[in-house]
Amino acid sequence: MAPLTVKQLGRKGRFANQLLQYAMLRQRARDAGADYCCPAWVGQELFGLKDPPPVKGAVDIGYKFPLDAAWYDKELFRGLFRPQEEFTHTTLDYFRGTNNTVIGLHLRRGDYGTFQRKSARWAFVAPTAWYVAWLKENWSRFHEPVLFIASDDAVAVKGDFGGYPAFWYPTPSSRHDAVVYADFYVLTQCDVLLISNSTFGYAASMLNERATEFWRPRLGEKKLIPYEPWQGPLIFTDEKY
């Protein structure tokens with residue numbers, strides 16, 4: 001059997017989409033009893049992956065990954081994406097030492113809310129007011145809580161959380177540099193996650209083995225709703241802005 005590949009890996013889709021494309025490739029190759037190969041991509045450096053390079057005759061399975069979280073093998077997924085130690089030292093270390101409850105927020109901005117084609121208009125901007133409302137209702141339930149804010153436009157959103165102790169990283173100039181992964185890695189280590197309708201936050205929740213609560217925005221309900229990371233859709237595509 002010819003090896004399987006995703007020819008567009010590293011070129012089609014942002015960071016979390018690439019994780020999901022790679023996981024799809026590895027799982028389908030395993031299930032088919034086939035070898036795999038793939039182009040160079042950012043995960044090789046971050047996770048120490050020794051991937052065989054593309055070979056002639058490899059079968060391209062495409063870059064569109066399953067959107068059902070239950071499709072993915074949890075053990076395989078988590079085993080693939082264990083970061084190299086050099087990428088795990090962040091500001092989070094301080095808060096772990098103080099026994100704070102770290103509540104992670106992923107607030108997607110950037111291109112969200114700008115798509116005109118109907119097929120992409122599920123990519124809505126969840127208002128910060130929904131997250132603030134959740135915090136007001138739930139803040140007192142946690143021991144010495146502190147916010148971690150991950151966003152592609154932290155400058156625009158952080159002011160809305162001025163009443164809460166918080167930390168974040170500056171917006172990077174490149175989508176795949178160390179700061180982007182620092183955001184992602186901290187989300188995988190938070191005690192509570194409040195994400196956007198985006199694969200970035202959802203993939204982080206799939207890798208998070210600490211959190212006891214997971215919440216995501218639902219457009220029709222205009223609020224955050226609870227979810228289980230290994231059940232249900234990676235993104236809600238049934239509601240459009």
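In the set (1) out of contact with any Gly (no Cβ under 8 Å at 6 or more places or on another chain); (2) free of Cβ contacts under 8 Å to residues at least 60 places away in the same chain, residue 41 fails one condition alone, (1).
Might you check whether a residue that is outside the structural domain of residue 111 (by TED's automatic domain parsing), touching a residue at least 24 places away in the same chain (Cβ under 8 Å), touching a Lys or Arg at 6+ places or on another chain (Cβ under 9 Å) and basic (Lys, Arg) occurs anywhere in the stretch 13-28? Checking the stretch 13-28: at least one residue is outside the structural domain of residue 111 (by TED's automatic domain parsing), touching a residue at least 24 places away in the same chain (Cβ under 8 Å), touching a Lys or Arg at 6+ places or on another chain (Cβ under 9 Å) and basic (Lys, Arg). Scanning the stretch 72-95 for residues that are assigned to a helix (DSSP H, G or I) and without any contact (Cβ under 8 Å) to a residue 12 or more places away in the chain yields a count of 6. Identify, please: which residue in the stretch 212-227 is within 18 Å of residue 192 (Cα to Cα) and touching a residue at least 40 places away in the same chain (Cβ under 8 Å) and is, among those, surrounded by the fewest Cβ atoms within 10 Å (Cβ to Cβ)? Once the filter is applied, the top-ranked residue is 223.
Of everything listed in (1) under 17 Å from residue 207 (Cα atoms); (2) touching a Leu at 6+ places or on another chain (Cβ under 6 Å), the single unmet condition for residue 79 is (2).
Tallying residues that are assigned to a loop (DSSP other than H, G, I, E, B), farther than 21 Å from residue 201 by Cα and hydrophobic (A, V, I, L, M, F, W, C) within the stretch 1-37 yields 5. For the residues 98, 90, the requirement of being farther than 18 Å from residue 225 by Cβ, modelled with pLDDT under 85 and surrounded by fewer than 16 Cβ atoms within 10 Å (Cβ to Cβ) singles out 98. Considering the conditions (1) in a helix (DSSP H, G or I); (2) under 14 Å from residue 203 (Cα atoms), residue 119 is excluded by exactly one of them, (2).
The values are calculated or read from the model by the stated rules, or taken from the named source; none is laboratory data. Since we're looking at a predicted model, the values are computed, not measured. Here the Cβ is made from the backbone with ideal geometry for all residues, glycine too, and neighbour counts use every protein chain on show.
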